[in-house]
1. Quick one: in the stretch 46-76, which of the residues that are part of a helix (DSSP H, G or I) and among the hydroxyl-bearing types (Ser, Thr, Tyr) is nearest to residue 96 (Cα to Cα)?
2. Within the stretch 5-12, is there a residue that is closer than 30 Å to residue 107 by Cβ, assigned to a helix (DSSP H, G or I) and out of contact with any Leu (no Cβ under 7 Å at 6 or more places or on another chain)?
3. List the residue pairs whose Cβ atoms are under 6 Å apart, where the first residue sits in the stretch 99-118 and is basic (Lys, Arg), the second is not in a strand (DSSP E or B), and the two are 6 or more positions apart or on different chains.
4. Which condition does residue 46 not pass, out of (1) without any contact (Cβ under 8 Å) to a residue 12 or more places away in the chain; (2) within 30 Å of residue 84 (Cβ to Cβ); (3) surrounded by 11 or more Cβ atoms within 10 Å (Cβ to Cβ), if it passes all the others?
5. Within the stretch 83-109, track down each residue that is under 16 Å from the mean Cα position of the chain (by Cα) and either part of a loop (DSSP other than H, G, I, E, B) or among the β-branched types (Val, Ile, Thr) (or both).
6. Can you tell which of 27, 89 is hydroxyl-bearing (Ser, Thr, Tyr), surrounded by 10 or more Cβ atoms within 10 Å (Cβ to Cβ) and touching a strand residue (DSSP E or B) at 6+ places or on another chain (Cβ under 8 Å)?
7. Only one of 18, 53, 34 is loosely packed, with under 11 Cβ neighbours inside 10 Å and among the small types (Gly, Ala, Ser); which?
8. Filter the stretch 96-123 for residues that are at pLDDT 90 or above and among the β-branched types (Val, Ile, Thr); which is nearest to residue 46 (Cα to Cα)?
Amino acid sequence: MKTATYQQGFTLIEVMVALAIIAIALTAILSTSASQTNNASYLKQKTLAHWVALNEITELRIKKIFPDLGDKKGSTDMANHTWYWIRTTKATEDKDSRQVKLTVYANRDYTRNLTHLIAYVSR
């Protein structure tokens, strides 16, 4: 009586399908990782820009500066970066109070707006 012998293992097609699945999964993981890195960098810049805005508003309040109406441009150094900002001051119904909007930019051309903050200062 002759016994059948069976060989165990994977066929070439099964190996190719497994490699294709692994390649697709690795591509998706690398893409997600790159996206997360970009998001972390953007969030860091946005957070620092918001701190710059908060610091500028706080400085107005501490020094008791009653800002003139209109726009004023300026810059602030923080975290080894120069941040550029525009402070827009508007009148309010109360003559002793002004609305101050501080918009912070990442570049000197004032094209990359990262955050803005609206606050009120009084005499």
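The values are calculated or read from the model by the stated rules, or taken from the named source; none is laboratory data. Fair warning: this is a prediction, and the values are worked out from it, not measured in the lab. Cβ: placed from backbone, ideal geometry, glycine included. Neighbour counts: every protein chain shown.
1. Applying the filter and picking the extreme gives 58.
2. There is no residue in the stretch 5-12 that is closer than 30 Å to residue 107 by Cβ, assigned to a helix (DSSP H, G or I) and out of contact with any Leu (no Cβ under 7 Å at 6 or more places or on another chain).
3. 112/106
4. Here residue 46 meets the rest and fails (1).
5. Selection gives 103, 104, 106, 107.
6. One residue alone meets the criteria, 89.
7. Testing whether each residue is loosely packed, with under 11 Cβ neighbours inside 10 Å and among the small types (Gly, Ala, Ser) leaves just 34.
8. Filtering first and then ranking leaves 115.
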